Amino acid sequence: MSHTIKNIACIGAGYVGGPTMAVIAEKCPDIKVTVVDVNEKRIAAWNDENLDNLPIYEPGLKEVVKGARGRNLFFSTDVDAAIDAAEMVFISVNTPTKTYGVGKGMAADLKYVELCARQIARVANTDKIVVEKSTLPVRTAQSIRTILKAEGKAVNFQVLSNPEFLAEGTAVADLHQPDRVLIGGDQDAAGQRAVNALADIYAGWVSRDRIITTNVWSSELSKLTANAFLAQRVSSINALSALCEKSGADVEEIARAIGRDSRIGSKFMKASVGFGGSCFQKDILNLVYIARSYGLTEVGDYWEQVIVMNDYQKRRFAANIVNQLFNTVSGKKIAMLGWAFKKDTNDTRESAAIYVADYLLNEQAELFIYDPKVKPEQVYADLDYLNTRSESENRRLVTVVNQPGDAMKEAHAVAVMTEWDVFKTYDWQKVYDDMKKPAFVFDGRNILDGSGLKEIGFMYQGIGR
Ligand code: UDX
Ligand code: ADP
């Protein structure tokens, strides 16, 4: 298939921009795709000869990058040149929760998006389709449009919303076989031409009936609400996990029983120590903020409860460890298995492990942390960012190890924080023999069922058991 678009630029080489552009380049060899970022280290890592050094770990990503990089996929720090050459510019920069001023702690910080819009407006000498890929509050497209037009150039801009629904850890599979692709654009003829140009790109590998087109505002709001609905399911099952622990019901049996109702469905019903990741909390807070700013107090309160429940679950898990260890963990060695917010990613943003660790550190525990993909610097950076204690204190109390055995040897307890497959394969008898007795396992992901931990002698606890 030949495309009307021959040159794409993507601003932001992160978890969204990197894999998404790699797959577009893979599937559309006739389009030149250039991913740019201000972070030189990140771009250097994307260009590293050794594909094990890519800045992002995703199953299958190496192979896709290997096939397209240098052919029609390029990574660069020259943002202006990429914008200038492109007919279509994706904005995939981060939109964290604001940490200052009005909307602090809730609203999305759009400063990076605004900077991109200003840069596009300044550099552009030809017509451009600007695509919002980052998750944005509803009506952001209007602000982008205003900024683009303000330069007063004789250049036409179309602004599309094309939110990303990929989940980390399965990004490549999600991009190859998306449930749907959503494209929002203006309803006039020029807007529809832009929508079609983007739809044609996806149609190279996604069937047309999965490409949904809407107006821009519906598309923007769909992204926030998709994440809010998913997170709500996790909070719902986690709320039940607490009730199960009191009542003798088993949360996995409940999930199985109610998931068979096709109106409810079986996905996203795994009770856990709490959801993490860069999207759920941020997007819900954003939804709450938007609702409240329109005066819709009850709507805001309704969605906020999803987060209240998630914070409770993380706290509850940590408090339970302290309780079971005879109400004190001071000076005790606790092994934490997993630091990433879910398996198959090296991303730690909003990972439940960070908050559980913080709670245990406040109780003066000594933590030994093992994660197959997260680097030690990242663990310390996550703890330092909380600003709960000094950097030297964090390094004194926390040791990041390369071998899980080093974390668990002579530990009083093991806490499973991430559902990495390798954790299921350990020789738990040997782990038990090396631990202090009584030895405890707190399984925050319910992955150790059938490991016979109780029979070996462990005091075993899974969420909702
Ligand atoms: C999410 C959305 O799924 C994706 O569509 C969107 O584009 C970005 O946000 P992601 O944050 O990568 O993706 O991961 P996801 O698989 O949704 O998991 C989020 C969190 O919920 C993880 O911490 C996960 O462990 C937790 N979770 C998920 C549960 O605790 N139980 C479940 O049943 C499912
Ligand atoms: P996401 O998960 O949304 O992809 P990341 O933080 O992984 O978020 O990636 C966003 C990337 O966008 C970062 O690498 C950051 O350096 C880059 N970025 C932010 N603002 C700009 C900008 N104005 N120009 C170029 N790159 C930017």
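The values are calculated or read from the model by the stated rules, or taken from the named source; none is laboratory data. Since the model is a prediction, treat every value here as computed from it, not as a measurement. As a convention, Cβ positions derive from the backbone with ideal geometry for all residues, glycine included, and neighbour counts pool all protein chains shown. The protein model used for the area step is the full one, side chains on, heavy atoms only, and it has no ligands, DNA or RNA in it. Shrake-Rupley method; radii C 1.70, N 1.55, O 1.52, S 1.80 Å.
Go through (1) without any contact (Cβ under 8 Å) to a residue 24 or more places away in the chain; (2) in contact with an Asp or Glu (Cβ under 8 Å, 6 or more places away or on another chain) one by one and return the number of the condition residue 301 breaks. The number of the failed condition is (2). Residue 241 meets each of the listed conditions (1) more than 9 Å from ligand 1 (Cβ to nearest atom); (2) within 26 Å of residue 142 (Cβ to Cβ); (3) crowded, with 22+ Cβ neighbours inside 10 Å apart from (2). Within the range 215-224, being open to solvent by less than 40 Å² (accessible area, probe 1.4 Å) and either away from ligand 2 (no atom under 16 Å from the Cβ) or within 10 Å of residue 306 (Cβ to Cβ) (or both) holds for 216, 219. The numbered conditions (1) within 11 Å of ligand 1 (Cβ to nearest atom); (2) open to solvent by less than 10 Å² (accessible area, probe 1.4 Å); (3) part of a helix (DSSP H, G or I) are all true for residue 273 except (3).
Of all residues in the range 333-364, which are open to solvent by 30 Å² or more (accessible area, probe 1.4 Å) and over 15 Å from residue 168 (Cβ atoms)?
Residues satisfying the conditions are 333, 355, 359, 362, 363, 364.
Considering the conditions (1) open to solvent by 20 Å² or more (accessible area, probe 1.4 Å); (2) at pLDDT 95 or above; (3) within 30 Å of residue 104 (Cα to Cα), residue 227 is excluded by exactly one of them, (1). Do you know which residues across the range 423-452 are assigned to a loop (DSSP other than H, G, I, E, B) and touching a Gly at 6+ places or on another chain (Cβ under 6 Å)? Selection gives 446 alone.
The set of residues from the range 23-59 being touching a residue at least 60 places away in the same chain (Cβ under 8 Å), away from ligand 1 (no atom under 15 Å from the Cβ) and not β-branched (Val, Ile, Thr) comprises 27, 28.
The lone criterion from (1) closer than 20 Å to residue 159 by Cα; (2) touching a Phe, Trp or Tyr at 6+ places or on another chain (Cβ under 9 Å); (3) within 16 Å of ligand 1 (Cβ to nearest atom); (4) not in a loop (DSSP other than H, G, I, E, B) left unmet by residue 94 is number (4). Residue 169 satisfies every condition listed in (1) over 27 Å from residue 119 (Cβ atoms); (2) open to solvent by 20 Å² or more (accessible area, probe 1.4 Å); (3) not in a helix (DSSP H, G or I) except (2). Of all residues in the range 120-149, those being surrounded by fewer than 16 Cβ atoms within 10 Å (Cβ to Cβ) and at pLDDT 90 or above number 6. You will find that of 428, 420, the residue that is within 21 Å of the chain's Cα centre (by Cα) and aromatic (Phe, Trp, Tyr) is 420 and no other.
Among the residues of the range 116-153, just one is in contact (Cβ under 8 Å) with a residue 40 or more places away in the chain and on the phi > 0 side of the Ramachandran plot, namely 139.
When the range 276-311 is limited to residues that are away from ligand 1 (no atom under 16 Å from the Cβ) and assigned to a loop (DSSP other than H, G, I, E, B), the one that is surrounded by the most Cβ atoms within 10 Å (Cβ to Cβ) turns out to be 296.
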